[in-house]
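Contents: one structure, followed by commentary.
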Amino acid sequence: MSKTEKHEFQAEIAQLLEIVIHSLYTEKEIFVRELISNAADANEKLQFLQQTAGTDIFEADRALSIQISTDDTAKTITVVDTGIGMTQSELVENLGTIAHSGSKAFLEQIKQSKGDARLIGQFGVGFYAAFMVADSVTVYTRSYQSDAQGYVWTSDGKTGYEIAPADDLERGTKIVLHLRDTEFASAYRIEEVIKKYSNFVSFPIELNGKPVNTIQPLWTKNRSEISDEDYTEFYKYIGHDVDSPLYRLHFNADAPLSIKAILFVPERNTELLTMNRQEGEVHLYCKRVLITAKAKGLFPEWLRFLKGVVDSEDLPLNISRETMQDSALLRKINEVLTKRVLKWLEEESKDTDKYAKFFAQHGHCLKEGVATDWSHKEAIAKLLRFKSSHTEGEATTSLSDYISRMPEGHKDIYFLHAPDREAAEASPDFEAFRAKGWEVIFLEDPRDEFVLEHLHSFEGKTLVPAAKAEITIDRPEDRTRSLSDAQVEGLVGFLKETFGERVSEVRASQRLVGSPASVREADGAMNASMRRMMKMMGKDDSLGLTPKPEFELNPDHGIMAGLEALRHSDEALAKQVAGQLLDNAMVSAGMIEDPRVVFGRLNLLLEKLLPAKP
């Protein structure tokens with residue numbers, strides 16, 4: 001060919017350009033990523049040929065790179081690769097016809113889906129994204145073949161294109177975009193886009209002569225080649241953090257999917273400081289090119305504290321590379337990653353001191369996982385940590401370790417909610433367990449009670465609230481009793497009459513030691529933690545939030561003996577004392593959240609019991 005040839009676009013190409021320019025990509029900046037990806041592909045193809053014996057390559061010593069330059073005066077951006085280049089027929093095939101790129105199949109699916117551009121498949125039309133920002137595009141290219149002719153391709157992206165021979169071209173492809181405005185003629189703007197999408201492309205990228213992609217894609221390297229300092233630098237870049245990570249995981253998987261990943265756990269969880277739900281910061285790549293920043297669906301929500309990179313070559317993407325289309329595959333990737341992270345965290349938990357720091361910051365996310373992720377809840381539950389009557393101070397235990405200490409034949413794990421260890425140990429619900437030497441888990445976080453009740457069982461053991469445990473104390477028959485059986489029966493009847501609708505049951509306790517009385521939530525009743533959560537959501541007593549507990553009295557306690565005597569001598573005062581005992585027990589059980597409501601009766605009692613001033 002010795003002169004310029006003019007070609008009209010096939011009808012399908014014209015339709016394709018219309019779709020690309022007006023509806024395919026959500027962000028115009030994507031054209032930079034697409035052109036760099038094409039340049040990297042061209043370099044990779046030449047790299048493969050360089051490794052093939054006997055291949056004659058033009059300018060064989062020319063280094064593989066990607067050069068980008070901007071000119072805000074001329075309103076141009078130029079992208080140059082030193083890769084495989086194109087012949088005249090390849091120019092027509094790649095940039096002017098429909099068959100090679102697969103775009104015809106794409107357009108057929110566009111028609112069938114009534115214009116929906118979110119389709120499965122990679123159709124190789126990224127080059128046309130240039131026309132979103134350019135009035136015209138010029139392509140200079142020279143094939144790697146030693147006897148090849150160079151060519152120039154030009155188009156306004158509307159009706160067709162021209163191809164003409166060009167001499168003295170270097171190997172590779174140069175694309176010049178004549179822009180509509182100066183936004184993408186700014187070096188600062190282009191650098192921003194490169195670092196966002198293409199920072200880990202495997203070839204050097206220079207912008208106006210300045211290296212841009214200086215951070216290495218560590219996930220592509222062997223772990224033995226990477227230092228701790230490299231990992232930390234990479235984390236600070238990818239995770240936008242000034243601190244070093246608490247944990248890191250670098251792993252590769254080939255089956256059932258090809259996945260390379262580097263994941264980090266931050267030292268601090270910002271949710272604890274801001275009270276705002278944070279976004280996950282794991283970014284999805286395909287062959288080192290960013291597909292989605294902060295990709296949703298890669299991990300379940302409860303793992304949102306993770307930061308890092310996942311790269312998979314198995315991703316079927318839509319035409320714009322902006323949306324994951326195969327939801328079944330995405331679920332599979334999610335499953336592979338989630339199981340690997342759970343295994344990793346379980347391994348890390350063996351260092352109890354370090355894991356305690358992790359759990360203090362991120363444990364609330366794991367608790368959320370138990371409550372929301374049915375398929376992984378027992379695996380997540382292995383990672384939970386709680387204080388218990390076996391531990392001391394701030395030390396915690398796992399549910400598995402609790403089970404390892406259970407007496408032979410026991411089938412239940414007992415737990416007790418209280419504001420702190422001191423309150424738990426002073427609770428009437430703990431007295432029988434202390435007497436028997438049975439371990440009880442202490443729940444200090446208001447979420448814990450809901451989480452364990454949702455978990456229901458663990459490793460074949462049932463999780464049971466201490467307040468509802470069917471446990472009795474072995475009392476010696478020859479003990480000194482405060483009340484006879486007949487007196488207990490009479491006192492129970494008196495209290496039932498006095499309490500009326502405030503309680504659902506009154507009975508003598510078989511589990512109290514030092515407390516005069518306690519209350520238990522009736523079977524099926526909403527626990528105190530759930531009631532607080534419902535009230536925070538604005539739910540009122542029409543939903544039955546006010547509990548009607550079961551009242552238990554300790555027949556061996558001196559206060560009960562005094563009450564039995566008082567009801568015979570001053571029934572009115574005895575009823576006030578009984579009401580105060582019920583209030584005290586409900587405050588202790590967390591059923592009265594504002595203790596000020598009981599002060600009125602208490603002051604009246606004090607006024608009656610204290611002698612008048614002489």
Residues in region 31-58 that are surrounded by fewer than 13 Cβ atoms within 10 Å (Cβ to Cβ) and assigned to a loop (DSSP other than H, G, I, E, B) total 5
Scan Ile19, Ile77, Ile66, Ile13 and give me the residue that is touching an Asp or Glu at 6+ places or on another chain (Cβ under 6 Å) and surrounded by 18 or more Cβ atoms within 10 Å (Cβ to Cβ).
Ile66
For the list (1) over 19 Å from Val137 (Cβ atoms); (2) touching a residue at least 40 places away in the same chain (Cβ under 8 Å), I need the number of the one condition that Ala185 fails.
(1)
Search result, residues across region 56-82 that are under 16 Å from Ile36 (Cα atoms) and at pLDDT below 95:
none
Based on what the data block shows, is His7 assigned to a loop (DSSP other than H, G, I, E, B) and either assigned by TED's automatic domain parsing to the domain that holds Thr173 or at pLDDT below 90 (or both)?
no
Restricted to region 149-200, and to residues that are charged (D, E, K, R) and not in a loop (DSSP other than H, G, I, E, B), which residue is surrounded by the most Cβ atoms within 10 Å (Cβ to Cβ)?
Lys174
Yes or no: region 202-220 includes at least one residue that is of a type in the set (Gly, Ala, Ser), more than 20 Å from His7 (Cβ to Cβ) and either touching a residue at least 60 places away in the same chain (Cβ under 8 Å) or surrounded by fewer than 18 Cβ atoms within 10 Å (Cβ to Cβ) (or both).
yes
Which of the residues that make up region 269-283 are surrounded by 15 or more Cβ atoms within 10 Å (Cβ to Cβ) and either basic (Lys, Arg) or out of contact with any Lys or Arg (no Cβ under 9 Å at 6 or more places or on another chain) (or both)?
Asn269
Find all pairs meeting these conditions: Cβ atoms under 6 angstrom apart; at least six residues apart or on different chains; first residue within region 26-49 and touching a residue at least 12 places away in the same chain (Cβ under 8 Å); second residue among the charged types (D, E, K, R) and surrounded by 20 or more Cβ atoms within 10 Å (Cβ to Cβ).
Ala39/Asp81; Ala42/Asp81; Asn43/Asp81
If I filter region 202-227 down to residues being aliphatic (A, V, I, L, M), within 27 Å of the chain's Cα centre (by Cα) and part of a loop (DSSP other than H, G, I, E, B), which single residue comes out as nearest to Ser65 (Cα to Cα)?
Ile215
Do you know which residues across region 245-275 are of a type outside the set (A, V, I, L, M, F, W, C), over 17 Å from Phe359 (Cα atoms) and either touching a helix residue (DSSP H, G or I) at 6+ places or on another chain (Cβ under 9 Å) or at pLDDT below 85 (or both)?
His250, Asn252, Pro256, Lys260, Thr274
How many residues are over 18 Å from Val519 (Cα atoms) and either among the polar types (S, T, N, Q) or in a helix (DSSP H, G or I) (or both) when one looks only at region 455-478?
3
(1) over 21 Å from Leu366 (Cβ atoms); (2) touching a residue at least 60 places away in the same chain (Cβ under 8 Å): which one isn't true of Thr232, the others all being true?
(2)
Within region 351-373, track down each residue that is without any contact (Cβ under 8 Å) to a residue 40 or more places away in the chain, under 13 Å from Leu384 (Cα atoms) and surrounded by fewer than 17 Cβ atoms within 10 Å (Cβ to Cβ).
Thr352, Ala360
Suppose the filter is surrounded by fewer than 14 Cβ atoms within 10 Å (Cβ to Cβ), of a type outside the set (A, V, I, L, M) and at pLDDT 90 or above; does Ser227 pass it?
yes
May I ask you to list the residues in region 491-507 that are more than 17 Å from Leu573 (Cβ to Cβ) and assigned to a helix (DSSP H, G or I)?
Val492, Gly493, Lys496, Gly500, Glu501, Arg502
Is one or more of the residues making up region 587-606 under 30 Å from Pro446 (Cα atoms), in a helix (DSSP H, G or I), assigned by TED's automatic domain parsing to the domain that holds Val492 and in contact with a strand residue (DSSP E or B) (Cβ under 6 Å, 6 or more places away or on another chain)?
no
Test of understanding: among Gly460, Gly500, which residue is out of contact with any strand residue (DSSP E or B) (no Cβ under 6 Å at 6 or more places or on another chain), loosely packed, with under 14 Cβ neighbours inside 10 Å and farther than 30 Å from Leu366 by Cβ?
Gly500
Val265, sole failed condition from (1) closer than 23 Å to Gly363 by Cβ; (2) among the β-branched types (Val, Ile, Thr); (3) surrounded by fewer than 14 Cβ atoms within 10 Å (Cβ to Cβ):
(3)
Give the residue, chosen from Arg481, Arg447, Arg511, that is in contact (Cβ under 8 Å) with a residue 24 or more places away in the chain and assigned to a helix (DSSP H, G or I).
Arg447
Does any residue in region 395-409 that is farther than 20 Å from Phe359 by Cα come within less than 8 Å, Cβ to Cβ, of a residue that is outside any helix (DSSP H, G or I) and of a type in the set (Ser, Thr, Tyr) six or more places away or on a different chain, and which pairs are these?
none
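The values are calculated or read from the model by the stated rules, or taken from the named source; none is laboratory data. Being a predicted model, the structure only gives us computed values, none of them experimental. Reconstructed Cβ throughout: ideal geometry from the backbone, glycine too, with neighbour counts over all protein chains shown.
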